[in-house]
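One structure is given below, encoded as structure tokens.
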Amino acid sequence: MSNTEDIPKQYDPSATEEKWYSYWEENGFFQSKPDEREAFTVVIPPPNVTGVLHMGHMLNNTIQDVLVRRARMLGKNACWVPGTDHASIATEAKVVQKLRKEGVQKRDLSREDFLKHAWEWTDEHGGIILQQLKKLGASCDWNRTRFTLEDELYDTVIDCFIDLYERGYIYRGQRMVNWDPAAQTALSDEEVIHKEVQSKLYHVRYPIKNSDEYVTIATTRPETILADTAVCVNPDDDRYKRLIGKTAIIPMVNREVKIIADEYVDPEFGTGCLKITPAHDTNDYELGVKHNLDIIDMLNADGTVAEQIGFYAGKDRFEARKLIIKDLEEQELLVKIEDAPNKVGYSERTDAVIEPRLSLQWFCKMDELGKPALENVINENIRFHPAKFKNSYRNWMENIRDWCISRQLWWGHRIPAWYYGEGEEEYVIAKSADEAIQKAKEKSGKSDLTETAIHQDEDVLDTWFSSWLWPISVFDPDFIRTKKPNKELVYYYPTQDLVTAPEIMFFWVARMIMAGYAFAGEKPFSNVYYHGIVRDHKRRKMSKSLGNSPDPLKLIDQYGADGTRVGMLFASPAGNDLLFDEALCEQGRNFSNKIWNAFRFLSMNMDEGQTYTPATEIDPENLADRWMMGRIQSTLRAMEDDFTRYRLNEALKKIYSLVWDDFCDWYIEMCKADTPGENMPKENLERALGFFEILMKMLHPFMPFITEEIWQRIRERSAGEALTISSWPEISDKQYDDSVKTFGALQSQISAVRNIQAEMNLSPKTPLKIVIKPKNGEVYGQLLPAEWVYKKLLPVESITFDLSAEKPPASAASVVDGSEIYIPLKGLIDLGKERERIRKEMDRLRGFLKSVEKKLANEKFVQNAPDAVVEKERKKKSDAVTGLNILEEQLKELGG
């Protein structure tokens, strides 16, 4: 490297990020093919195809990129598969909204015409988010980009349905489902968000036939009175025993229904008397089946009241609620209204209040599929990070219900069921119309059936029914059909790390594990890292609707991709929610500038015409070199542990401190020439550049752009020597602990002298006569050879190491780990100020000593804490007492 290169004064991310990303792509550094290396496979949680980058994506993909880049540097065959999800409900809703603005209703279009519009929308808006991920630095193998609705993956999903149907896992049945009136489709239990809301509890009178009596029933949904088909009490409730078997009159509709008894009713809850509405409540439906009750559906698919009910026809359910309350009041059947907290289910996609609805749907049995998925998480064959999420996973898996997999939509994988009659079982499951005709002929015994006599199910499959196959289908779309894995599936499956949010643990993670064992007989991944939700300073989830989410691309423009990545990771403790503060991105940008300035300083120290080659070996006689290498090695070990525990923010903090504090603030200073103004000696500069190369490697997974820029500037490189494919620094067997300990003592002592300079308002250039009384002979032996370090970093006129040194008159003093430091101040300072400084230090030590003594006076602490911890506290007490005694003596000497 030569200093003739043009190195800008300021680091400009916009000038480097696109340049290096294009370079990495052009050279195929992110591409992966099976070979003899160990595979490190990650599949991206596929974002919605028409989505744009938000803060959650930023965090998720930054974490994935750190893991993938480090694995690549460790020599593994890193394969990060990108892709997008067709997102049935969200995408169809957007297309319907677009068409409505154009004056077109979905119901006026054929399925084919609607899907044409949907594909046009997807082609126009799809994939934007993947391009945005490139700006973040995501090192995906873009040649492997997948889409859950592409032809190959479409066939995979249909094969999956057919396979599970033939194995007896998929069935069609009339069940109570979660109905989304806005999207007009059934939802799985996991797609329902339960919110605590303040509701009203309406107490309504139900007259008893042929009497003046009535029963009072409390309900939060009075509009469903129109569909009541029974009144139910507990058989042991003395208040109502005499009414069992009698007839009640349903208000408004005057329908006569029986008063039945069932132990399900809790006499202590409400009035102890329930209205039974089998078509609009899951528990009521079960009672209806048990007691053979009529089922009356009072709502249309869009949540409006059905015309056949006779009241409020066409009115929205919530409008009908207001109207029936008014009418009940007029008929003197409304007893009272109370405020009552209530949990209400909302659609995860549309935020509409969910309506329990009886519907003919397709379901997937979960009991058997769930067993290996639970067992292999509990036994840690699949590890959750943090492990605390195993508890909620276990709870869900042990209470799992069958999965409603059909959706009343057109955008998605169409259910491969073909009907040839109106009977409940008059259907066949087939991949094509031709196959369906043959199967229908065989099943019906009608050999003259033609294509016009059959029709395919109009519904599509739940989006998650395609994404649960993601770790398999992206590598071998034919596997579920052929049962024979191709070369890619054998090599890349199971994948290594899945990075996701706990909020989709049940939607996606659990189901992928089920699918992995159901089809491949093997786990889909070894580790699941759950990161937190990105929240603002008020702990609110960041969202567009709240207006509290910054635009990720603007953050990148302002702070650079590296600075933004650092900011996100600094705020992201493993498994806990991220309280985002833009100041952290600013800190990341400042770190980029610090790194750049360090590199620029080193380059400015080069003599014209000289060629500098970064050193690969340290000077074993140089304490600073041994210390710096020791710090690098200990940081590498600590980072290794952090990566193993998925504490990426802790690993980043360690390399941040190593670069900023150790290298920039200490090591570079010790490499400078002895004579101010002269360039750094060549051998010092080459060793500094050698260390800088190691640091760039350690930083690269976190800050890929600036590290590659500096790496390429340090010396000329071929494409095969790019930082992104270089080797991760090795952890050496050599021990540098003594050097690190010695230099740590020097740092503390030099910092103490600098503190004295600051407190005494001494100029940093004022020559000092320093006297050091080492703690003991061992420390004396460590400090004496390091005299040059003091002289390099302090304005030393003279320095004396003396085990029996007496404190010079009128000296500033400091005690560092038992060693005493004296700075004669005669002619340099105001002695009164020094007395005040000592008194403040004594007050601080007394406060510290008081807190330690309080802890040691606590019998529970002394008895229960580990011996080493108690001993450490006793040493703190001893050191504080020693320090106070020394300071008291110093104060006396100054006349205090």
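The values are calculated or read from the model by the stated rules, or taken from the named source; none is laboratory data. These numbers were taken from a predicted model, which means no experiment stands behind them. A quick note on method: Cβ atoms are made from the backbone with ideal geometry, for glycine too, and the neighbour counts reach across all protein chains shown. In case anyone asks, the SASA skips ligands and DNA or RNA and just uses the protein heavy atoms, side chains included. Shrake-Rupley method; radii C 1.70, N 1.55, O 1.52, S 1.80 Å.
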**OP:** Please tell me which of these pairs span more than 28 angstrom C-alpha to C-alpha: K594/K765; K116/K446; K734/K877; K365/K390?
**Re:** K116/K446; K734/K877
Original post:
Helix 582-604 sits at what angle to the longest principal axis of the chain, using alpha carbons and giving 0 to 90 degrees rounded to 10?
Top reply: 40 degrees
Subject >> For the range 1-83: rounded, prolate or oblate by the Cα gyration tensor [a/c cutoff 1.5] >> reply: oblate
Subject >> Residue-normalised accessible area of the range 223-337, given per residue in Å² at a 1.4 Å probe >> reply: 50 Å²
Subject >> At 0.692 mPa s and 37 °C, Stokes D of the chain from Kirkwood alpha-carbon radius, µm² per second >> reply: 98 µm²/s
**OP:** Relative to the longest principal axis of the C-alpha atoms of the chain, give the angle of the C-alpha long axis of helix 737-759, reported between 0 and 90° and rounded to the nearest 10°.
**Re:** 80 degrees
**OP:** Compute the distance in nm between two label points, each set 7 Å from the Cα along the Cα-to-Cβ direction, one at Q408 and one at K682.
**Re:** 8.3 nm
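Within the chain, what whole-number % of the accessible surface is contributed by carbon and sulfur, with the 1.4 Å probe and all protein chains included in the calculation?
Details: 18820 of 40700 Å².
Of the solvent-accessible surface of the chain, carbon and sulfur hold 46 percent.
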Subject >> Spacing of the two label points (7 Å from each Cα toward its C-beta) at A433 and D236, in nm >> reply: 6.2 nm
Original post:
Gain in length, N300 to K371, computed as 0.36 nm per residue apart minus the alpha-carbon separation, to one decimal in nm?
Top reply: 21.8 nm
Original post:
What's the extension gain from L360 to N486 if we count 0.36 nm per residue and subtract their Cα-Cα distance?
Top reply: 41.6 nm
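Which FRET efficiency value, to the nearest 0.05, do you get for S392 and A810 by plugging their Cβ-Cβ distance into 1/(1 + (r/R0)^6) with R0 = 51 Å?
0.15
Which whole-number percentage describes the relative contact order of the chain, with Cα contacts under 8 Å and a sequence gap of 6 or more? Intermediate values should be presented prior to the final figure.
Details: 1492 pairs, mean separation 113.6, N = 896.
Value for the chain: 13 percent.
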Subject >> Nearest 10 degrees, 0 to 90: helix 111-125 Cα axis against the chain principal axis >> reply: 10 degrees
Subject >> All-pairs Cα distance distribution in the range 361-481, expressed in whole percent, bin size 5 Å >> reply: 2, 9, 14, 15, 17, 14, 11, 7, 5, 4, 2, 0, 0
Original post:
How many angstrom lie between the C-alpha centres of the range 268-283 and the range 719-744?
Top reply: 69 Å
Original post:
Where in the range 805-896 are there trypsin sites (Lys or Arg not before Pro) that are in a DSSP coil and have at most 13 other Cβ atoms within 10 angstrom of their Cβ?
Top reply: K826
Original post:
Percent of alpha carbon pairs in the range 557-702 separated by more than 23 Å?
Top reply: 41 percent
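Where both partners of a DSSP beta bridge lie in the chain, what percent of those bridges are antiparallel, to the nearest 5? Present the calculation step by step, with values, prior to reporting the outcome.
Values: 64 of 90 bridges.
So the antiparallel bridges in the chain amount to around 70 percent.
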Subject >> Per residue accessible area in Å² of the range 1-143, where ligands, DNA and RNA are left out and the probe is 1.4 Å >> reply: 43 Å²
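Report the number of Lys pairs in the range 258-327 whose alpha-carbons are under 18 Å apart, with separation of 8 or more residues or on distinct chains. Kindly include the intermediate steps, with their values, before the conclusion.
Values: K258/K275; K258/K290; K275/K290; K315/K326.
Close lysine pairs under the 18 Å cut-off: 4.
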**OP:** Along Cα→Cβ, 7 Å out, is where each label goes; now give me the distance between the ones at K246 and E268 in nm to one decimal.
**Re:** 2.7 nm
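Could you grab the relative contact order for the range 99-194? Cα pairs under 8 Å, six or more apart, rounded to a whole percent.
8 percent
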Original post:
the range 844-896 to the range 120-134: how many Å between their Cα centroids?
Top reply: 63 Å
Subject >> Sites L803 and D665 - FRET efficiency at Förster radius 41 Å, r taken between beta-carbons, to 0.05 >> reply: 0.85
**OP:** For I378 and N527, compute 0.36 nm times the residue count separating them, minus their Cα-Cα distance, and round to one decimal in nm.
**Re:** 52.4 nm
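Note down the net charge around E617, summing +1 for each Lys or Arg and -1 for each Asp or Glu among other residues with Cβ under 14 Å from its Cβ. Kindly include the intermediate steps, with their values, before the conclusion.
On the way: positive: R626, R687, K734; negative: D619, E621, D625, E683, E686, E693, E730.
Cβ neighbours under 14 Å give a net charge of -4.
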Original post:
Can you pull out the trypsin sites (Lys or Arg not before Pro) in the range 745-791 that DSSP calls coil and that have at most 12 other Cβ atoms within 10 Å?
Top reply: K765
Original post:
Which FRET efficiency, nearest 0.05, do D35 and E721 yield, Cβ-Cβ r, R0 25 Å?
Top reply: 0.80
**OP:** Could you list the trypsin sites (Lys or Arg not before Pro) in the range 185-214 that lie in coil according to DSSP, counting only those with at most 13 other Cβ atoms within 10 Å of their Cβ?
**Re:** K209
**OP:** Take the alpha-carbon centre of the range 652-673, take the same for the range 149-226, and report the distance between them in whole Å.
**Re:** 61 Å
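Mean separation of Cα pairs under 8 Å and 6+ residues apart, divided by the residue count of the range 165-278: what relative contact order is that in percent?
Values: 180 pairs, mean separation 26.7, N = 114.
Computed value for the range 165-278: 23 percent relative contact order.
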Original post:
Using a simple charge model, +1 on the beta-carbon of Lys and Arg, -1 on the beta-carbon of Asp and Glu, nothing else, what dipole does the range 210-300 show about its Cα centre, in debye to the nearest 20?
Top reply: 240 debye
